[in-house]
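The values are calculated or read from the model by the stated rules, or taken from the named source; none is laboratory data. What you see is a predicted model; the values in this text were computed from it and never measured. Methodologically, a virtual Cβ is constructed for each residue, glycine included, from the backbone with ideal geometry; neighbour enumeration extends over all protein chains shown. Ligands, DNA and RNA are stripped out before the accessible areas are found, and what is left, the full protein with its side chains, is counted by its heavy atoms. Shrake-Rupley method; radii C 1.70, N 1.55, O 1.52, S 1.80 Å.
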Amino acid sequence: MGKSTVIVLISTVLLAAFPVRSQTTIGANVVLDPQDISVLVQETKDIQVRFRGQLTQNVQFNFSNEHSEFVTVTPSVISVDAPSNGFIDKAVPVKLQALSPGQFDLVGKIIPAGLIDDAKAFIRVTIANSTAIIYVSIVIGWIYFVAWTISFWPQMIINFRRKSVVGLSFDFLAMNLLGHTLYAIFNCSLYWNDHIEQEYFNRNPRGLNPVIANDVAFSLHASLATFLTVVQCFLYERGEQRVSYTAQGILGVFATIIVVSGILVGTETWHWLDFLYALSYIKLAITLIKYVPQAVLNFRRKSTVGWSIENILLDFTGGMLSMLQMLLNAYNYDDWASIFGDPTKFGLGLFSVLFDIVFIVQHYVLYKERSEPKTLEEESSNSGGATDAGSKTSFP
């Protein structure tokens with residue numbers, strides 16, 4: 001009876017282990033090496049198709065002809081014979097001839113399916129019209145990165161010199177702090193957290209991590225600089241300025257969304273990546289509305305004193321160069337769909353530039369007087385105090 005029990009237990013263990021072992025050792029796999037290439041139109045690039053692992057049956061590897069208008073693949077079909085010892089370790093050279101500009105994934109499949117793991121049988125191909133445009137685009141990218149990065153400092157310098165933050169909208173500042181903080185959380189999580197990065201790759205098997213080191217550096221610096229500006233609001237003269245009830249309500253809505261999203265993650269209804277996407281959508285919404293309070297405050301004060309025009313000029317420079325880079329890349333890779341097919345990024349950049357133009361017009365045309373204006377409270381008292389409530393808000 002004891003022996004029978006032992007035999008049953010051993011059999012159970014072996015049966016339980018067998019399917020796990022069969023899943024982790026699928027057999028052979030095929031990988032395209034490298035998995036990212038950049039090439040100019042009419043140029044040829046050499047890649048390799050690598051087969052490695054257990055193989056006991058002849059197979060055929062076929063490149064997809066889905067992107068035949070962009071590239072010619074030679075050979076497009078590779079026959080692989082099973083080795084006598086049942087183990088294959090083979091690299092087959094393949095030539096790619098670029099025909100026209102574009103960005104796409106070139107994919108291959110094994111026939112019959114299932115004998116070889118072909119999950120990594122793809123290569124991300126970028127075909128460009130011009131090498132010069134590639135380098136110009138890189139330079140432009142660094143210029144607008146620097147412009148946007150240093151654009152936070154002129155406002156702090158002005159506040160320090162004046163020992164006052166009068167003229168700076170607290171509504172703008174509060175939303176900017178929240179927006180950049182959420183952006184930093186998104187970037188840092190996707191860049192440094194392996195679990196979240198794996199979630200992204202599970203949903204986008206052929207994708208690249210969309211967050212690069214520049215994104216992390218910019219968002220952390222933006223959050224820090226905005227936080228220091230907020231600290232100045234507690235140290236320097238601020239008059240009767242405060243965060244308006246309208247802005248508080250908007251921030252409350254955003255806070256509620258964040259809390260609900262966190263609860264959904266805690267109950268395993270959402271994944272952490274979904275939570276980060278929710279944060280990114282809030283950041284986009286803030287970008288659309290954050291400039292309104294400052295423009296309204298300038299209009300009510302009939303002055304831009306206390307609001308850094310250097311900040312706006314740098315932001316305008318960065319926005320224009322960012323859109324120029326998108327247009328250059330769209331031409332170089334014939335990827336106009338990145339602008340017109342999904343206009344979110346381009347549209348947000350354009351929206352920010354339009355607000356910069358509003359501020360420039362206010363500063364240099366409408367309110368050219370550089371002397372310190374009367375406070376809204378003083379103006380209100382002179383007119384009978386009719387607008388005293390408006391002096392404490394930035395939103396209409």
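Note on segment 189-208: residues that are more than 10 Å from Leu276 (Cβ to Cβ) and open to solvent by less than 30 Å² (accessible area, probe 1.4 Å) total 1. Close Cβ contacts (under 9 Å, 6 or more residues apart or on different chains) running from residues in segment 74-93 that are touching a residue at least 24 places away in the same chain (Cβ under 8 Å) to residues that are surrounded by 12 or more Cβ atoms within 10 Å (Cβ to Cβ) and small (Gly, Ala, Ser) comprise Ile78/Gly108; Val80/Ala28; Phe87/Ala28; Phe87/Gly53; Ile88/Ala28; Ile88/Gly53; Ile88/Ala82; Asp89/Gly53. Residues in segment 340-374 that are assigned to a loop (DSSP other than H, G, I, E, B), modelled with pLDDT of 65 or more and surrounded by 12 or more Cβ atoms within 10 Å (Cβ to Cβ): Tyr367 alone.
Name the single residue, out of those in segment 69-97 being charged (D, E, K, R) and surrounded by 12 or more Cβ atoms within 10 Å (Cβ to Cβ), that is modelled with the lowest pLDDT. Walk me through how you get there before you give the answer.
We begin by selecting, within segment 69-97, every residue charged (D, E, K, R); these are 69, 81, 89-90, 95.
Among the residues that remain, those that are also surrounded by 12 or more Cβ atoms within 10 Å (Cβ to Cβ) are: 90, 95.
Working: Lys90: 91, Lys95: 94.
Among residues in segment 69-97 that are charged (D, E, K, R) and surrounded by 12 or more Cβ atoms within 10 Å (Cβ to Cβ), the one modelled with the lowest pLDDT is Lys90.
Among residues of segment 174-186 that are in contact (Cβ under 8 Å) with a residue 12 or more places away in the chain and polar (S, T, N, Q), those with a Cβ under 8 angstrom from a residue that is assigned to a helix (DSSP H, G or I) and open to solvent by 10 Å² or more (accessible area, probe 1.4 Å), sequence gap 6+ or separate chain, pair up as Thr181/Ser223.
Looking at this structure, is Tyr135 under 29 Å from the mean Cα position of the chain (by Cα), in the same structural domain as Leu327 (by the TED database), open to solvent by 50 Å² or more (accessible area, probe 1.4 Å) and among the aromatic types (Phe, Trp, Tyr)?
Details: under 29 Å from the mean Cα position of the chain (by Cα): yes; in the same structural domain as Leu327 (by the TED database): yes; open to solvent by 50 Å² or more (accessible area, probe 1.4 Å): yes; among the aromatic types (Phe, Trp, Tyr): yes.
So Tyr135 fits the description; yes.
Scan segment 306-320 and tell me whether some residue there is of a type in the set (Ser, Thr, Tyr) and either in a loop (DSSP other than H, G, I, E, B) or farther than 23 Å from Leu173 by Cβ (or both). Spell out the reasoning first.
Initial filter on segment 306-320 (of a type in the set (Ser, Thr, Tyr)): 308, 317.
Checking the rest, the ones that are also either in a loop (DSSP other than H, G, I, E, B) or farther than 23 Å from Leu173 by Cβ (or both) come to 308.
The answer is yes; a qualifying residue exists.
Counting residues in segment 113-126 that are open to solvent by 50 Å² or more (accessible area, probe 1.4 Å) and assigned to a strand (DSSP E or B) gives one or more. Inclusion of Thr287 among residues that are within 20 Å of Asp171 (Cα to Cα) and open to solvent by 60 Å² or more (accessible area, probe 1.4 Å) is not warranted.
When Leu228 is tested against (1) in a helix (DSSP H, G or I); (2) in contact with a Lys or Arg (Cβ under 6 Å, 6 or more places away or on another chain), just one condition goes unmet, and that condition is (2). For segment 211-245, the tally of residues that are buried (at least 18 other Cβ atoms within 10 Å of the Cβ) and either free of Cβ contacts under 8 Å to residues at least 24 places away in the same chain or outside the structural domain of Trp153 (by the TED database) (or both) stands at 0.
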